[in-house]
Amino acid sequence: MYVYDQYDQRIVDERAAQFKQQVQRRLDGDITEDEFKPIRLQNGLYLQLHAYMLRIAVPYGLLSSKQMRKLAHIARLYDRGYGHFSTRQNIQFNWPKLEDVPKILDELASVEMHAIQTSGNCVRNVTSDHLAGVAADELEDPRPYCEIIRQWSTFHPEFAFLPRKFKIAVTGASTDRAAVRFHDIGVRIIDNDAGERGCEVWVGGGMGRTPHIAKCIRPFVPYVDLLSYLEAILRVYNQYGRRDNKFKARIKILVAELGTEEFTRRVETEWDQIKDSALRLTEVELDRVRAHFTPPVYEDLPARPHATLAASLSQDRDFAHFVRNNVKEHRQPGYCAVMVSLKVAGIPPGDASDTQMDAIADLADEFSLGEVVVTHTQNLCLPHVRQRELAALYARLREWDFAHPNIDTLTDSICCPGLDYCSLANARSIPVALEIAQRYDRIEVLEDIGEVSLKMSGCINACGHHHVGHIGILGIDKQGVEAYQLMLGGSPSDDASIGKIVGPAFSREDIVPAIDTVLNTYRSLRTSPDERFIDCYRRTGLQPFKEALYGAH
């Protein structure tokens, strides 16, 4: 866990006190809602369809059990008894009263948390691989780099009012679980042919109304130059990014309009002027930040699963399904990472109650060295579980309805709040996701379908990442009636791709049967039960799915 120093604590304490004054001005009528808007946005406070929504930062997704208990307390005291974990590895509270927000920020500051820059046209929460620090395929833990980027970008005077919001992701693994190609900047920690440590830098990715896959503008930046190179990118964006049109203001549009070569040339020119400045990231500075991360104290355990685990697997089919789908390999012998599914039939994806959050905190203390990670897929991860204790953990997870063995299956869907909460949405997304979850809530069916991602957004802003789902659903307004476009073939990982619209939109009544048709078509086309949906789609193309949905023409 990253541990605050006196400077970190002073920043969050002072910001909470400052915002309290601004809230009081708004409550007293000294400033209008329009005047209050830029102030509240940089403190994570949105005005949604029915109420304010507070987005709380969870840098690189990492939470202590103490912080999780505080979130449960906030949900219980200041909201309606639940929180919503988002695809940015954050948590959102949908019903806080404006007069209570300063109290919430004080509560957060007491456990080294905040809501600074979780909204607004600034550098947002820096995200990473949810298996960061434990992944077996990881070259280096990326979280110290994420923390350095967080410290550099927080209150940066040049980047407080960018043309548009800005998102950065960092991974240290060979498998991209952080979707770096769909961020404004994506960073991959690598070694070059000479064995030197550095980063591969991707720029211009994003979703929304004009999705783009990022371009690699520099295959290798020495780690000492990472911050100066990021600063050069942001300076170019701040200078040349469009401010006349909100829909063309993201850096992905600038890269596309200038072309990758010209954009890179401008970045390199800017970088030449600042690369030898105080932004050089020395080994001393890296070590300083690494020292703030309290390392887990692992036991010396055998590499193979404990004998009792093997026995449990042979005797309990449900437990075997859980281990197969929800348990991930760990770099430390004798340990594993356990995915806690927040995708339960009847509950909006990503939601957890106050009592469930308290339970997760208890389980983290008992089984995971006091740590929890928020994932990009709106689930939670217990990253440090002894293999010999898996069966005991599984039994406890079942008590809290956390043991659904559906990770990376159809019902492990991503879903934005949609028209039930969001003033920008065109259609409801939660009811569709719940209907799909209910229809396919059988492990035998899910395992027959195999690995498939379903992602759904209630509007073109793509908070549900529909562009990169193997199956994507986009809610639209069709002459005042909610309708749903269906997309196929997206992926956020190393095989990054943007899904293609199959054809005309479906009505609310027809969208779930359309998903049935897509899955039945896949099962009829696959060459074997082991051929994944995305591989089958890429082999056959869109046409057979289109014909099954709309008929041959």
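Values in this text are rule-based calculations from the coordinates and carry no lab data. Values in this document were obtained by computation on a predicted structure and should not be read as measured data. Quick reminder, even Gly has a Cβ in these numbers, built from the backbone with ideal geometry, and neighbours come from all protein chains shown.
Charge tally for residue 474 (other residues, Cβ to Cβ under 13 Å; Lys, Arg +1; Asp, Glu -1): +3. For the chain, the residue among 302, 492, 282 whose Cα projects farthest onto the positive side of the dipole built from Cβ charges is 492. Sparsely packed loop sites in region 294-385 (the GluC sites (Glu not before Pro) outside DSSP H, G, I, E and B with at most 15 other Cβ atoms within 10 Å) comprise 299. Think of the chain as a dipole: +1 on every Lys or Arg Cβ, -1 on every Asp or Glu Cβ, centred on the Cα centre; then among 291, 157, 237, 237 lies furthest on the positive end. Each 10 Å bin from zero holds the following percent of Cα-Cα pairs in region 67-114: 27, 62, 11.
Ranking 3, 84, 459 by Cα position along the charge dipole of the chain, where only Lys, Arg, Asp and Glu carry charges on their C-beta atoms, puts 459 farthest toward the positive end.
Across region 6-109, the fraction of Cα-Cα pairs farther apart than 16 Å, rounded to a whole number, is 58%.
If you take the beta carbon distance between residue 288 and residue 447 as r and set R0 to 41 Å, what does 1/(1 + (r/R0)^6) give as a FRET efficiency, to the nearest 0.05?
So the FRET efficiency works out to roughly 0.30.
Extension gain for residue 4-residue 507 works out to 176.0 nm (0.36 nm per residue, less the C-alpha to C-alpha distance). Relative to the Cα centre, the charge distribution of the chain, modelled as +1 at Lys and Arg Cβ and -1 at Asp and Glu Cβ, gives a dipole magnitude of about 1260 debye. Put a dot 7 Å past the Cα of residue 332, heading toward its Cβ, do the same for residue 523, and the two dots end up 4.2 nm apart.
When you count the other C-beta atoms within 10 angstrom of each residue and take the mean per peptide, 90-99, 405-414, 284-293, 497-506 line up highest first as 405-414, 90-99, 497-506, 284-293. Counting every other Cβ atom within 10 Å of each residue's Cβ, 50, 470 order from fewest to most as 50, 470.
Footprinting exposure proxy ranking of 141, 530, 351, 191, fewest other C-beta atoms within 10 angstrom first, gives 530, 191, 351, 141. Legend: P(r) of region 386-495 from all alpha carbon pair distances, 5 Å bins from 0, whole percents, reading 2, 12, 18, 19, 16, 13, 9, 5, 2, 1, 0, 0. Kirkwood hydrodynamic radius computed over region 241-327 comes to 19.6 Å, based on all pairs of distinct alpha carbons. Calculated mean residue ellipticity, 222 nm, the chain: -11500 deg cm²/dmol, from DSSP H runs (n ≥ 4) at -39500 (n - 2.57) each, averaged per residue and rounded to 500. Here region 32-87 is treated with +1 on each Lys and Arg Cβ and -1 on each Asp and Glu Cβ, and its dipole about the Cα centre works out to around 400 debye. With all pairs of different C-alpha atoms in the average, the Kirkwood value for the hydrodynamic radius of region 414-550 is 14.9 Å. Cysteines in the chain that lack a partner Cβ within the 4.7 Å cut-off: 122, 146, 199, 216, 336, 381, 415, 422, 459, 536. Where in region 260-295 is the amide nitrogen less than 11 Å from a point lying 7 Å along the Cα-to-Cβ axis of residue 194? Nothing falls inside the zone, counting backbone N under 11 Å. Using the Kirkwood radius over C-alpha pairs as Rh, can you work out the diffusion coefficient of the chain via Stokes-Einstein at 25 °C, viscosity 0.890 mPa s, in µm² per second? In µm²/s, the coefficient is 101.
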